[in-house]
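Novice: Provided herewith is a single structure, encoded as structure tokens, for subsequent inquiry.
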Amino acid sequence: MTCVLIVDDSPTETYKMENILKKNGFEVAKAENGTEGVATARRVLPDLVLMDVVMPGLNGFQATRQLTKTQQTSHIPVIIVTTKDQPTDKLWGKRQGAKGYLVKPVDEKELISSVKRVLAGEELI
């Protein structure tokens, strides 16, 4: 089963994304902040990471950079899922190595479509 790691400090957002993913046949791992997300990704080696940006401590851009620039996790695609919707935010996400960028609130069709496309090797930003 395909495993998706959700890294988000909002229990509500995590709950919504987890339900959508499980309903669509994905296994889900969760982390509440960037530091925990990086550690969980190294331990679990998920097939994909959904990364929030605004989190205490290590933010999502920093965590994405750590995952995409480290040999052990560089093969894991990251989709940033955030409220930050400026073009410069998307550009910065891409520069950190993200393969996709979704703005909250994300609907089910958009989330699942983006996850499947990135897992198939597409770059969405």
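All of the numbers you see were taken from the coordinates with simple rules; none came from a lab. Every value quoted in this text rests on a predicted model; they were computed, and no experiment measured them. With ideal geometry, Cβ positions are generated from the backbone for all residues, glycine too; neighbour counts draw on all protein chains shown.
Novice: Of the conditions (1) hydrophobic (A, V, I, L, M, F, W, C); (2) under 19 Å from residue 115 (Cβ atoms); (3) touching an Asp or Glu at 6+ places or on another chain (Cβ under 8 Å), residue 44 satisfies every one except a single condition; which number is it?
Specialist: (3)
Residue-wise test of (1) in contact with a helix residue (DSSP H, G or I) (Cβ under 6 Å, 6 or more places away or on another chain); (2) more than 23 Å from residue 121 (Cβ to Cβ).
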| site | (1), (2) |
| --- | --- |
| 4 | yes, no |
| 14 | no, yes |
| 22 | no, yes |
| 45 | no, no |
| 56 | no, yes |
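Novice: Still on this model: What number of residues in segment 72-110 are touching a helix residue (DSSP H, G or I) at 6+ places or on another chain (Cβ under 8 Å) and under 15 Å from residue 47 (Cβ atoms)?
Specialist: Qualifying residue count for the region: 9.
Novice: Could I ask something else about it? List pairs: first in segment 9-32 and on the phi > 0 side of the Ramachandran plot, second surrounded by 18 or more Cβ atoms within 10 Å (Cβ to Cβ) and of a type in the set (Val, Ile, Thr), Cβ under 7 Å, 6+ apart or cross-chain?
Specialist: none
Novice: Taking only pairs six or more apart or across chains, which ones have beta-carbon atoms under 6 Å, a first residue in segment 79-96 that is over 15 Å from residue 123 (Cα atoms), and a second residue that is among the basic types (Lys, Arg) and surrounded by fewer than 21 Cβ atoms within 10 Å (Cβ to Cβ)?
Specialist: Close Cβ pairs (under 6 Å, with a partner that is among the basic types (Lys, Arg) and surrounded by fewer than 21 Cβ atoms within 10 Å (Cβ to Cβ)) amount to 83/104.
Novice: For segment 12-51, which residues satisfy the criterion of being closer than 15 Å to residue 73 by Cβ and among the small types (Gly, Ala, Ser)?
Specialist: 29, 31, 34, 37, 39, 41
Novice: Considering only residues that are touching a residue at least 24 places away in the same chain (Cβ under 8 Å) and more than 14 Å from residue 52 (Cα to Cα), which ones fall in segment 98-125?
Specialist: 108, 112, 114, 115, 118, 119, 123, 124, 125
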